[in-house]
Amino acid sequence: MPDFSRLRPSSSQGWLAWVLLAFIVFFSAASDQFLTVQNLLDLAESYAVTGIFALGLFVVLVTGGIDISFAAVASVVQYLIASLFVQFQFDNALLSILLAVVCGTLFGVINALLITSLRVVSIIITISMQSLLFGLLMWVTGGKSLYSLPDWWITLRSVLPFSWQGNSFQIGLPLVTMLVIAGLTALLLNKTNLGRQLYAVGGDAESARRIGIRVGLIHIFAYGWLGAMAAIGGLVQVYRMGEVVPNALVGGELDVLAATVLGGASLMGGKGTVSGTLMGVFLIAILKNGLNLIGVSNYFMNIVVGGVIMVAIAVTHYKKRKETDVSFV
């Protein structure tokens, strides 16, 4: 009799891989449009920005914090760079990207300083920052979209073209950008002393402080990293859409949080992997794309995402309690 115990996953990423495979098989059987090269590429491209945001949020979650303001930061950075071109014809691609990253990082650092100095729960500060930034953006701009943008920003480029069964395809710049950031994030967390300190702070901030880790600086780096990723994600989103819409990104935070939690990141910090985060992103993408192809309502998709988050959080807390349960009863 075959031994199926070997197929049982030993980690949350293993379980997630099985869930991904199950949904791929289900949607492939339910719709002949799902498992096509073009659909999978379109799916990956459309969720590349979500992936960039998730990789930034993941670093914050590793430290035991949470940040909800990244979408508002991305929206403000988008409008700032676009306004520089519209008002002053500032058309330097490298300097514009650098300015965007600096601005995003600055917003993240401000969040971290407020959290550490005021000793307020991170979700309270970042929700306040999200409301403040988005409110200011909509008030100053009147909700007006910008369409006159520099060519370097909106001209679609051919990246990594390939052929499959006589048809031509290409892996676009958004997906390549997300994969590069994933590689850098994995390198940071797994191969550097700073990465080990990020996990240590998330595991037990007081113990980390006692062994000499400067917890405040670690939080500043983590939130600054997310701010930089928010800026890059905002730029990539405009590249895909060809326009700056002030309220295009705000409201999508749930998908990003769902992806990181599904990927194995703990809301209590100290856990998770980059590969798990990417699998979480593509699970959300596959769910929404597959449900759309079989004709399920958009409203029901939100129910599914919300339910998935609740189940993931419940499992995370259950596993945490089992690990820390030292009772003899």
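Worth pointing out:
- Cβ charges +1 (Lys, Arg) and -1 (Asp, Glu), total dipole of the stretch 16-152, debye: 480 debye
- Per-peptide average of other Cβ atoms within 10 Å, ordering 18-30, 230-242 highest first: 230-242, 18-30
- Peptides 220-226, 51-57, 290-296, 108-114 ranked from most to least packed, by the mean per-residue count of other Cβ atoms within 10 Å: 51-57, 220-226, 108-114, 290-296.
- The length gained on full extension between Ser148 and Leu21, counted as 0.36 nm times the residue separation minus their Cα-Cα distance, comes to 41.5 nm.
- Calculated percent of Cα pairs over 32 Å apart (choose from (i) 32; (ii) 45; (iii) 28), label: (i)
- Farthest towards the positive end of the charge dipole of the stretch 74-211, among the residues Leu94, Ile81, Leu179, is the Cα of Leu179, using unit charges on the Cβ of Lys, Arg, Asp and Glu.
- Residues in the stretch 186-200 carry Karplus couplings, in order, of 5, 4, 4, 7, 9, 10, 10, 5, 4, x, 5, 5, 4, 5, 5 Hz; the curve used is 6.51 cos²θ - 1.76 cosθ + 1.60 with θ = phi - 60°, and Gly or Pro positions show x.
- Between the stretch 47-90 and the stretch 259-315, the Cα center-to-center distance that results, in Å: 20 Å
- Spin-label pair Phe162/Val140, simplified geometry with 7 Å Cα→Cβ offset, distance in nm: 4.2 nm
- Charge dipole of the stretch 151-276 about the Cα centre (unit charges at C-beta), most positive-ward option of Ser163, Gly264, Ala231: Gly264
- Protection proxy ranking, peptides 180-191, 38-49, average beta carbon neighbours within 10 Å, highest first: 38-49, 180-191
- Whole-number accessible area per residue in Å² for the chain, which is evaluated in the context of all protein chains at 1.4 Å: 51 Å²
- Cα gyration tensor shape of the stretch 62-193, rounded if a/c is under 1.5, else prolate or oblate by comparing a/b with b/c: oblate
The values are calculated or read from the model by the stated rules, or taken from the named source; none is laboratory data. Just so you know, these numbers come straight off a predicted model, no measurement behind them. A quick note on method: Cβ atoms are made from the backbone with ideal geometry, for glycine too, and the neighbour counts reach across all protein chains shown. SASA here: full protein model, heavy atoms, side chains in, ligands and nucleic acids out. Shrake-Rupley method; radii C 1.70, N 1.55, O 1.52, S 1.80 Å.
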